[in-house]
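Undergrad: Here it is, the structure, as structure tokens.
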Amino acid sequence: MSAMSGLPILSILVVLPLLGGLCLLPLGRRAELAKVAALVLGGAEFLLACGCWLFAASPSPAGAPPGFFLFEDHSWIAAYGIRYTLGMDGISLLMVLLTALVTMLAVLVSWRSIHSRVGLHFSLLLLMESGIMGVFLSLDLFLFYLFWEVMLIPMFFLIGIWGHGRNLYSAMKFFLFTLSGSLLMLLAIISLYLIHGAQSGIYSFALTALTGTTLSPATGLWLYAAFLLAFAIKFPLVPLHTWLPDAHTDAPTAGSVILAGLLLKTGAYGLIRFGYPLFPEAARMLTPLVFVLAVTGILYGSWVAFSQKDMKRLVAYSSIGHMGFVALGIAAWTPVALSGAVLQMVNHGLTTSALFALVGMLDERAHTREIEAFGGLWGKIPRFSTFFMIFAMASAGLPGLNNFVGEFLVLAGTLKIAPLTTALAFIGVILPLVYTVLLVQKILFQEERRPLQLADLNPREFAVLSVLALGDFYLGLHPTPLLGMLKLPVALLTGGMP
Amino acid sequence: MNGAELWIALPLLLLAIGSLLTLMVGALTGNDRIAHLVAIATALFAAHWSLQPAPLMVFPFSVPSLGLSASIVTRTFTFFFCLMAAGALVFSMGYNQQRALRGEEYPATLLFATFGMVALAASTNLLTLFLGLEAMTFGFYILVAFDLKQDASGEAGLKYLLMGAFSAAFLAFGIALLYCIGGTLDISQAMRRSLVIGPVHPAVLAGWGCLLIGMAFKLSLVPAHLWTPDVYEGAPAPVVAFLSGGSKAAALLLLLLLLPQAGDACLLRAPLWGLALFSMVLGNLAGLLQNRVRRMLAYSSIAQMGYVVLALIAGLAGGSGGYQAGAYYALAYGVISLAAFGAIAVLERNGCGATLEEYNGRGTTNPLASGVLALALFALAGIPPTTGFTGKFLIFTSALKSGEIMLAVIGILTAAVSVYYYLRVITCLYFKPAGNAAQGHVSFAEAVVLLAASASILLFGLFPSSLLNILKILG
């Protein structure tokens with residue numbers, strides 16, 4: 001471990017997939033080699049991320065903000081006070097682990113379903129991983145913004161090239177929606193930088209420096225609103241969610257898995273890492289708004305999920321509901337609720353990735369995702385059905401599985417602050433149960449509707465789903481290690497606010 | 001002419017001699033290829049020379065008798081212009097052959113235009129400045145109309161000539177008025193006397209007005225932008241690359257030489273504000289409506305120049321780094337233009353037409369050119385990690401710093417709108433199935449230039465510090 005501490009391990013986390021992805025680009029014709037290389041790189045990255053866990057107990061290195069056990073800081077664009085600063089605390093560690101895991105599984109999920117431009121596909125998955133890692137590790141706002149926009153490009157191409165249906169429209173909508181929110185955030189970042197520079201004489205984009213800026217209420221509100229807009233679009237909070245169902249429906253399976261599992265988390269992470277700490281007063285002022293949007297999202301997402309005929313759209317809308325809980329936990333900003341929100345991000349990443357993977361597998365076999373087309377799968381493909389059952393129940397919040405823990409903590413943490421909101425959100429715990437049970441009943445247990453020749457899971461698919469299922473059970477039954485990891489960063493974050 | 005004067009004037013002399021040499025070689029051998037190679041070698045040699053550290057005798061970097069300087073900014077821009085010329089010439093070799101555009105006068109004229117740009121970059125004297133600008137424009141009058149067999153090229157040439165002559169008249173008159181008031185042609189003195197704090201002589205205002213009208217034409221700012229779409233569409237693609245990348249940077253450099261010297265330039269805020277606003281808004285909105293890629297990029301260029309003017313407005317206030325941001329963006333835009341129109345030249349040589357549909361599926365048949373075009377479009381859209389993003393970041397930082405919040409917000413919203421039309425081209429390149437186009441071909445030299453331009457788009461975007469240090473003296 002001491003030998004490793006000299007390595008710039010965070011930079012390697014960011015750069016390894018980037019370089020790997022670039023090396024895969026010319027491998028367009030040698031598909032098998034590209035796949036194996038992508039898997040090896042994804043696996044190496046995951047091992048590296050697990051390696052970071054070893055440092056979690058070690059003290060902060062010199063110069064690092066409190067709570068950060070890995071830290072790298074180098075001068076970059078000196079004239080503008082821009083630095084290359086990466087840091088990892090408990091929250092980042094969880095997100096990094098999730099990113100590495102989900103990307104690795106996304107490579108496996110798309111093993112057989114990609115037939116054209118294979119090298120490009122896997123290289124884009126890795127480039128995306130690099131961008132997302134950067135978002136979860138940056139502690140300099142310029143650097144953060146850079147990664148924040150860079151990660152859009154691979155997803156745009158994933159949806160556009162390998163998507164189906166109205167993929168051009170969805171890719172464009174995804175890119176424009178998320179970009180236009182971000183651009184205003186860029187202006188807000190610059191304004192904050194200038195205000196801080198004028199106050200202190202030190203022009204810097206470092207998060208630690210900018211948190212100390214004194215802002216007039218009006219200015220703070222405007223700047224925070226720009227940040228909130230960018231993050232709320234990514235989240236997505238209703239009514240800014242309209243890009244999500246389209247993007248999910250038309251994306252290839254790996255794209256959906258990464259979109260749901262990782263991209264949505266960046267919005268929540270941004271709010272936790274940057275939104276609240278930079279603008280505590282404005283954030284407190286707008287908390288009721290976030291509460292309303294969160295609860296609307298929970299109820300609306302579940303409500304619309306009821307009436308979906310396409311399984312992928314159903315999972316997409318249920319995603320909106322689940323992310324509503326994350327927003328609720330963040331808005332409450334109590335230690336319990338915030339831990340719950342972060343945990344819920346991981347839960348949602350595992351469960352929804354698995355559900356999208358399952359729907360993708362079904363789609364590969366039957367070439368349709370219509371709920372009406374399926375029935376009686378339990379008897380025909382038992383292994384698939386078992387996994388479907390596990391993840392559907394996890395998504396519905398069955399105790400013993402992961403989502404329950406996250407939702408419970410969020411609700412418990414929010415109750416004291418906003419009882420009415422919590423009560424409404426509680427309905428949102430029940431609704432998913434209803435539509436999930438209906439879905440399971442329809443496709444697993446009812447009479448077979450169409451004579452479909454379906455093969456059960458192959459070993460590769462079995463491995464992917466087993467890993468995710470293990471994660472679900474682990475988090476559901478024994479979340480203590482992860483909660484322990486979150487304890488310090490969450491306490492440091494919420495310490496400033498009652 | 002002593003040693004110092006010779007040293008300063010050498011890039012100019014090299015380009016002028018190279019231009020004549022190209023004409024002679026072409027006439028003697030009758031081989032366009034050799035003429036092109038001579039011209040490229042000249043441009044590269046001049047670029048190389050401009051990087052040499054100045055000997056002690058050249059301090060303090062300017063020779064009043066010649067009206068030329070060799071400051072670090074001058075030499076950076078000289079280097080840039082020469083490389084742009086070399087790049088455009090590389091693309092011309094294949095493009096002209098395929099279009100059956102013959103004649104050694106093409107590379108010679110291109111070098112002559114470069115001569116004008118370099119003279120402009122080096123000038124410390126209003127007269128040299130004007131002569132440099134007009135020498136450059138004169139070259140472009142010919143180059144734009146070079147594709148004689150195409151009506152569009154002739155029409156574009158005529159439009160450019162008429163508009164250009166019109167703007168030259170304004171510029172000359174503006175300079176004359178400023179000379180009348182200042183009593184000197186030396187830029188720094190004339191500028192310092194032109195806009196003094198306090199009541200301003202009406203002739204000075206008229207002079208600056210004429211100058212701005214002339215510059216609006218050269219930079220294709222709304223409402224003086226009408227020539228741009230036709231010229232971008234009609235002229236040979238490598239010429240557009242050079243025009244868009246080189247001549248606009250040169251015109252901008254002229255403003256950058258004049259404005260920081262002016263005493264109280266804040267008087268110019270109102271007209272520049274209007275130019276920036278209309279260029280950003282109209283350029284980007286008109287870009288949405290285009291169905292031809294070159295016309296779309298013409299409107300994009302109008303909008304991009306609007307951002308540069310925003311940087312100039314920020315610079316007027318002083319201490320905001322606006323001029324630095326503007327100069328950075330001018331250089332960045334030049335390289336992006338070279339990449340974009342170079343890629344378009346390669347695609348058109350491989351049978352690609354003008355409309356958006358013609359670009360369908362080129363990502364598979366012409367991977368290199370399409371990849372570079374896509375990168376250039378992302379850069380124009382301001383997506384990191386490109387110079388386009390870093391430049392926009394610098395511009396918006398300086399604008400907010402100088403208090404131009406309204407214009408900055410409008411600018412960033414129009415930038416968000418513009419992303420749509422840039423992405424449209426990328427969707428055509430990669431997401432739509434190819435027609436029956438054959439596998440494309442890229443020559444080695446073209447590949448080198450395309451890759452070099454892409455590399456500088458990425459590298460100077462991620463590591464702008466060295467360039468920013470050079471441009472810092474602009475303020």
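The values are calculated or read from the model by the stated rules, or taken from the named source; none is laboratory data. Note that the coordinates shown come from a computational prediction; the quantities given were computed from them, not determined experimentally. Don't worry about glycine lacking a Cβ; one is built from the backbone with ideal geometry, like all the others, and counts go over all protein chains shown.
Undergrad: Looking only at the range A:108-149, filter to residues that are among the β-branched types (V, I, T) and either surrounded by 24 or more Cβ atoms within 10 Å (Cβ to Cβ) or free of Cβ contacts under 8 Å to residues at least 60 places away in the same chain (or both); which one of those is nearest to the other protein chains (Cβ to nearest Cβ)?
TA: Filtering the range A:108-149 down to residues among the β-branched types (V, I, T) leaves A:109, A:114, A:118, A:132, A:135.
With the extra rule that they be either surrounded by 24 or more Cβ atoms within 10 Å (Cβ to Cβ) or free of Cβ contacts under 8 Å to residues at least 60 places away in the same chain (or both), the set shrinks to A:109, A:132, A:135.
Numbers: A:V109: 22, A:I132: 15, A:V135: 12 Å.
Filtering first and then ranking leaves A:V135.
Undergrad: In the range A:154-170, which residue that is among the hydrophobic types (A, V, I, L, M, F, W, C) and more than 7 Å from every other protein chain (Cβ to nearest Cβ) is surrounded by the most Cβ atoms within 10 Å (Cβ to Cβ)? Before the answer, list the steps.
TA: Residues of the range A:154-170 among the hydrophobic types (A, V, I, L, M, F, W, C): A:155-159, A:161-162, A:168.
Going one step further and asking which of them are more than 7 Å from every other protein chain (Cβ to nearest Cβ), we end up with A:155-156, A:158-159, A:162.
Details: A:M155: 26, A:F156: 27, A:L158: 28, A:I159: 30, A:W162: 24.
That would be A:I159.
Undergrad: Here is a list of conditions, (1) over 20 Å from A:R117 (Cβ atoms); (2) within 12 Å of another protein chain (Cβ to nearest Cβ); (3) assigned to a helix (DSSP H, G or I), and B:I383 meets all of them except one; can you say which number that is?
TA: It is condition (3) that B:I383 fails.
Undergrad: Same structure, new question: Could we say that A:T352 is of a type outside the set (K, R), over 30 Å from A:V96 (Cα atoms) and either surrounded by fewer than 24 Cβ atoms within 10 Å (Cβ to Cβ) or in contact (Cβ under 8 Å) with a residue 40 or more places away in the chain (or both) here?
TA: Details: of a type outside the set (K, R): yes; over 30 Å from A:V96 (Cα atoms): no; either surrounded by fewer than 24 Cβ atoms within 10 Å (Cβ to Cβ) or in contact (Cβ under 8 Å) with a residue 40 or more places away in the chain (or both): yes.
Answer is no for this residue.
Undergrad: Residues in the range B:135-152 that are farther than 15 Å from B:L253 by Cβ, modelled with pLDDT of 90 or more and not β-branched (V, I, T): how many? Steps first, answer last, please.
TA: Quick first cut of the range B:135-152, residues farther than 15 Å from B:L253 by Cβ only: B:138-152.
Subset that is modelled with pLDDT of 90 or more: B:138-146.
Cutting the leftovers down to not β-branched (V, I, T) gives us B:138-141, B:143, B:145-146.
Of the residues in the range B:135-152, 7 are farther than 15 Å from B:L253 by Cβ, modelled with pLDDT of 90 or more and not β-branched (V, I, T).
Undergrad: May I pose another question? Being closer than 30 Å to B:Q98 by Cα and in contact with a Cys (Cβ under 8 Å, 6 or more places away or on another chain) is true for just one of B:T114, B:T137. Which residue is that?
TA: On the way: B:T137 fails: in contact with a Cys (Cβ under 8 Å, 6 or more places away or on another chain).
The conditions single out B:T114.
Undergrad: For the structure I just gave you, tell me whether B:F173 is out of contact with any Lys or Arg (no Cβ under 6 Å at 6 or more places or on another chain), within 19 Å of B:T124 (Cα to Cα) and surrounded by fewer than 24 Cβ atoms within 10 Å (Cβ to Cβ). Lay out the reasoning, then the answer.
TA: Working: out of contact with any Lys or Arg (no Cβ under 6 Å at 6 or more places or on another chain): yes; within 19 Å of B:T124 (Cα to Cα): yes; surrounded by fewer than 24 Cβ atoms within 10 Å (Cβ to Cβ): yes.
When the stated conditions are applied, B:F173 passes them.
Undergrad: Looking at the range A:176-185, is at least one residue assigned to a helix (DSSP H, G or I), touching a helix residue (DSSP H, G or I) at 6+ places or on another chain (Cβ under 9 Å), over 16 Å from A:A230 (Cβ atoms) and more than 10 Å from chain B (Cβ to nearest Cβ)?
TA: Filtering the range A:176-185 down to residues assigned to a helix (DSSP H, G or I) leaves A:176-185.
Narrowing further to those that are touching a helix residue (DSSP H, G or I) at 6+ places or on another chain (Cβ under 9 Å): A:176-185.
In the following step, the residues that additionally are over 16 Å from A:A230 (Cβ atoms) were identified as none.
There is no residue in the range A:176-185 that is assigned to a helix (DSSP H, G or I), touching a helix residue (DSSP H, G or I) at 6+ places or on another chain (Cβ under 9 Å), over 16 Å from A:A230 (Cβ atoms) and more than 10 Å from chain B (Cβ to nearest Cβ).
Undergrad: Looking at the range A:193-209, which of the residues that are under 18 Å from A:F147 (Cβ atoms) and within 14 Å of another protein chain (Cβ to nearest Cβ) is surrounded by the fewest Cβ atoms within 10 Å (Cβ to Cβ)?
TA: A:Y193
Undergrad: Follow-up. Of the numbered conditions (1) free of Cβ contacts under 8 Å to residues at least 24 places away in the same chain; (2) on the phi > 0 side of the Ramachandran plot, A:G397 satisfies every one except a single condition; which is it?
TA: Exception for A:G397: condition (1).
Undergrad: Which residues, counting only those in the range B:203-223, are at pLDDT 90 or above and not in a helix (DSSP H, G or I)?
TA: Residues satisfying the conditions are B:L219, B:S220, B:L221.
Here is a yes/no grid of residues against (1) under 18 Å from A:G131 (Cα atoms); (2) charged (D, E, K, R); (3) within 10 Å of the chain's Cα centre (by Cα); (4) not in a helix (DSSP H, G or I):
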position: A:A225; (1), (2), (3), (4): no, no, no, no
position: A:L229; (1), (2), (3), (4): no, no, no, no
position: A:P236; (1), (2), (3), (4): no, no, no, yes
position: A:L244; (1), (2), (3), (4): no, no, no, no
position: A:A247; (1), (2), (3), (4): no, no, no, no
position: A:A260; (1), (2), (3), (4): yes, no, yes, no
position: A:K265; (1), (2), (3), (4): yes, yes, yes, no
position: A:G270; (1), (2), (3), (4): yes, no, no, no
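Undergrad: Which residues, counting only those in the range A:308-349, are of a type in the set (A, V, I, L, M, F, W, C) and farther than 22 Å from A:T99 by Cβ?
TA: Kept after step one, since they are of a type in the set (A, V, I, L, M, F, W, C), are these residues of the range A:308-349: A:311, A:314-316, A:320, A:323, A:325-328, A:330-333, A:336-338, A:341-343, A:345-346.
Residues satisfying the conditions are A:M311, A:L314, A:L328, A:A331, A:A332, A:W333, A:V336, A:A337.
Undergrad: Something else: Check A:P451 against each of (1) in contact (Cβ under 8 Å) with a residue 24 or more places away in the chain; (2) outside any helix (DSSP H, G or I) and name the one condition it does not meet.
TA: (1)
Undergrad: Looking only at the range B:433-465, which residues are away from chain A (no Cβ under 13 Å), in contact with a Gly (Cβ under 7 Å, 6 or more places away or on another chain) and of a type outside the set (A, V, I, L, M)?
TA: B:G435, B:S443, B:E446
Undergrad: Considering only residues that are assigned to a loop (DSSP other than H, G, I, E, B) and either out of contact with any Phe, Trp or Tyr (no Cβ under 9 Å at 6 or more places or on another chain) or surrounded by fewer than 24 Cβ atoms within 10 Å (Cβ to Cβ) (or both), which ones fall in the range A:76-107?
TA: Start the filter on the range A:76-107 by keeping residues that are assigned to a loop (DSSP other than H, G, I, E, B), which leaves A:81, A:89.
Across the range A:76-107, the qualifying residue is only A:G81.
Undergrad: Name the single residue that is surrounded by the most Cβ atoms within 10 Å (Cβ to Cβ) among those in the range B:405-427 being of a type outside the set (V, I, T), closer than 20 Å to B:A330 by Cα and more than 7 Å from every other protein chain (Cβ to nearest Cβ).
TA: So in the range B:405-427, the residues of a type outside the set (V, I, T) come out as B:406-408, B:411, B:413, B:415-416, B:418, B:420-424.
Pick out the ones that are also closer than 20 Å to B:A330 by Cα and you get B:407-408, B:411, B:415, B:418, B:422.
If we keep only those that are more than 7 Å from every other protein chain (Cβ to nearest Cβ) as well, we get B:407, B:411, B:418, B:422.
Details: B:L407: 23, B:G411: 26, B:S418: 23, B:Y422: 22.
The qualifying residue surrounded by the most Cβ atoms within 10 Å (Cβ to Cβ) is B:G411.
Undergrad: For the range A:351-422, which fully contained helices (runs of 4 or more DSSP H) count at least 3 residues that are modelled with pLDDT under 90? Show your work before the answer.
TA: Values: elements: A:377-380, A:382-396, A:402-415.
Per the criteria, A:377-380.
Undergrad: List every residue pair whose Cβ atoms sit under 7 Å apart, with the two residues 6 or more apart in sequence or on different chains, where the first one lies in the range A:60-87 and is under 11 Å from A:S11 (Cα atoms) and within 11 Å of chain B (Cβ to nearest Cβ) and the second, anywhere, is among the aliphatic types (A, V, I, L, M) and part of a strand (DSSP E or B).
TA: none
Undergrad: Inspect the range A:237-246 for any residue being of a type outside the set (S, T, N, Q), in contact (Cβ under 8 Å) with a residue 24 or more places away in the chain, surrounded by 23 or more Cβ atoms within 10 Å (Cβ to Cβ) and over 25 Å from A:F174 (Cβ atoms) and give the result as yes or no.
TA: Checked against the condition, which is being of a type outside the set (S, T, N, Q), in contact (Cβ under 8 Å) with a residue 24 or more places away in the chain, surrounded by 23 or more Cβ atoms within 10 Å (Cβ to Cβ) and over 25 Å from A:F174 (Cβ atoms), the range A:237-246 yields no hits at all.
Undergrad: Here's a follow-up. Being among the β-branched types (V, I, T) and either facing another protein chain (nearest Cβ under 10 Å) or closer than 18 Å to A:Y145 by Cβ (or both) is the filter here, so list the residues in the range B:466-475 that pass it.
TA: Scanning the range B:466-475 gives no hits.
Undergrad: Give A:G212, A:G220 a once-over and let me know the one that is away from chain B (no Cβ under 11 Å) and surrounded by fewer than 18 Cβ atoms within 10 Å (Cβ to Cβ). Let's see the steps before the verdict.
TA: Working: A:G220 fails: surrounded by fewer than 18 Cβ atoms within 10 Å (Cβ to Cβ).
None of the other options fit; the residue is A:G212.
Undergrad: Here are the criteria: (1) buried (at least 16 other Cβ atoms within 10 Å of the Cβ); (2) more than 23 Å from A:V295 (Cβ to Cβ). Tell me which single one A:V410 does not satisfy.
TA: The single condition A:V410 does not satisfy is (2).
Undergrad: I've got another one for you. Evaluate the following for B:Y430: is it within 10 Å of chain A (Cβ to nearest Cβ), in contact with a Gly (Cβ under 9 Å, 6 or more places away or on another chain) and under 30 Å from A:Y80 (Cβ atoms)? Before you say what the answer is, go through the steps one by one.
TA: On the way: within 10 Å of chain A (Cβ to nearest Cβ): yes; in contact with a Gly (Cβ under 9 Å, 6 or more places away or on another chain): yes; under 30 Å from A:Y80 (Cβ atoms): no.
It is false that B:Y430 is within 10 Å of chain A (Cβ to nearest Cβ), in contact with a Gly (Cβ under 9 Å, 6 or more places away or on another chain) and under 30 Å from A:Y80 (Cβ atoms).
Undergrad: Looking at A:R29, is it in a loop (DSSP other than H, G, I, E, B) and either β-branched (V, I, T) or within 14 Å of another protein chain (Cβ to nearest Cβ) (or both)? Walk me through it before giving the result.
TA: On the way: in a loop (DSSP other than H, G, I, E, B): yes; either β-branched (V, I, T) or within 14 Å of another protein chain (Cβ to nearest Cβ) (or both): yes.
Spelling it out, A:R29 is indeed in a loop (DSSP other than H, G, I, E, B) and either β-branched (V, I, T) or within 14 Å of another protein chain (Cβ to nearest Cβ) (or both).
Undergrad: For A:S113, work out the one condition from (1) part of a loop (DSSP other than H, G, I, E, B); (2) under 30 Å from A:L492 (Cα atoms) it doesn't fulfil.
TA: (2)
Undergrad: Among the residues of the range B:412-466, which ones are in a helix (DSSP H, G or I), closer than 26 Å to B:F242 by Cα and small (G, A, S)?
TA: B:A415, B:S418, B:A445, B:A447, B:A452, B:A453, B:S454, B:A455, B:S456, B:G461, B:S465, B:S466
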